[in-house]
Amino acid sequence: MNELSQSAASQHVQELEKHMGIVLLDRSRRPLVITAAGRLYLEYCREILRRKEQFESELEQLKNEVEGTVRVASIYSVGLSEMVELEEEFSRRQPAASLEVEYLRPEKVYEAVLADEADLGLVSYPEASRDIMVIPWRQEEMVLAASPYSAFAGQGPIAPAALQGADFIGFDDELPIRREVDRFLREHGVEVNQILHFDNLQMIKEAVAHRVGVSIMPARVLLDEMRQGRLVAIPIEAPELYRPLGIIHRRRKRFPRVAQEFLNLLCERPSADLGLVS
């Protein structure tokens, strides 16, 4: 046992007895009987082994602990509520790590990633380049956002043609989502009455809630207003209308472990079933 012969074990016990000046085994009896001093020494050895195992376990845990801060730059429409949930889950998994999120316009997200001011970026309609790598994250259904008092409310899914001439709240011209919505309306031969345009979803939602007009936006960003009864999300009979979200990072970037762990969390997080009801 333990690759130690009986003679070697006996010699070792005798050396211990000589060194400590005690008798560990009563050799006058067969089989051998452990003495009181031997039992005390046995308990001492067991305690050492237990502490050794505890030390090794805690040391391994310490080696695996992730520390540091992961920096994320995100467009505004990746909701604050979702980021709070991500932060809570990340904290549960990696209690020694922290998450730092900055909300920016899309072009500023790219700039932050390229300048290494952010480890990861979250953007819609992501574009890869010589210096930017894109990881597809999810596809978000686009719907018609309207006031509960709008003529569109309660009609169920609508055809794009139903939007002809409708008062419309859009996005600023330079935003990718504006170009995508314009393309969609153009391909379906629909002209809307563009009343206002903004550079962020929150302003658009407020205008729609105040019955200034309707808008087309990702269903996911309407969840809070739908729960409050301020807005309704009406499906559009056009399956090609989705907003892609992606995770971007600098090519050839060497991620600190804390950033890699958060990236893993993002990639495994499924898109929730929204259960939309107009």
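Tell me the strands (runs of 3 or more DSSP E) entirely within the range 108-219 that contain at least 1 residues that are of a type in the set (S, T, N, Q).
Values: elements: 120-124, 132-146, 167-171, 193-198, 215-218.
Per the criteria, 120-124, 132-146, 193-198, 215-218.
Which of the residues spanning the range 77-104 are part of a loop (DSSP other than H, G, I, E, B) and either buried (at least 16 other Cβ atoms within 10 Å of the Cβ) or modelled with pLDDT of 90 or more (or both)?
So in the range 77-104, the residues part of a loop (DSSP other than H, G, I, E, B) come out as 77-79, 94-96, 104.
Within the range 77-104, S77, V78, G79, Q94, L104 qualify.
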Going through (1) in contact with a Leu (Cβ under 7 Å, 6 or more places away or on another chain); (2) at pLDDT 95 or above one by one, Q164 fails only at (1)
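Got a sec? Which of M226, M203 is within 29 Å of Y110 (Cβ to Cβ) and modelled with pLDDT of 90 or more?
Numbers: M226 fails: within 29 Å of Y110 (Cβ to Cβ).
Answer to the selection: M203.
In the set L241, L265, L245, which member is open to solvent by less than 10 Å² (accessible area, probe 1.4 Å) and more than 22 Å from the chain's Cα centre (by Cα)? Steps first, answer last, please.
Details: L265 fails: more than 22 Å from the chain's Cα centre (by Cα); L245 fails: more than 22 Å from the chain's Cα centre (by Cα).
L241 is the lone residue from the list that is open to solvent by less than 10 Å² (accessible area, probe 1.4 Å) and more than 22 Å from the chain's Cα centre (by Cα).
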For the range 140-158 the number of residues that are more than 21 Å from Q202 (Cβ to Cβ) and open to solvent by 40 Å² or more (accessible area, probe 1.4 Å) is 4
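The values are calculated or read from the model by the stated rules, or taken from the named source; none is laboratory data. Please read these numbers as outputs of a predicted model, since none were measured by experiment. Here Cβ is always computed from backbone atoms with ideal geometry, including for glycine, and neighbour counts include all displayed protein chains. For the accessible areas, the whole protein counts, side chains as well, though only heavy atoms, and no ligand, DNA or RNA atoms are used. Shrake-Rupley method; radii C 1.70, N 1.55, O 1.52, S 1.80 Å.
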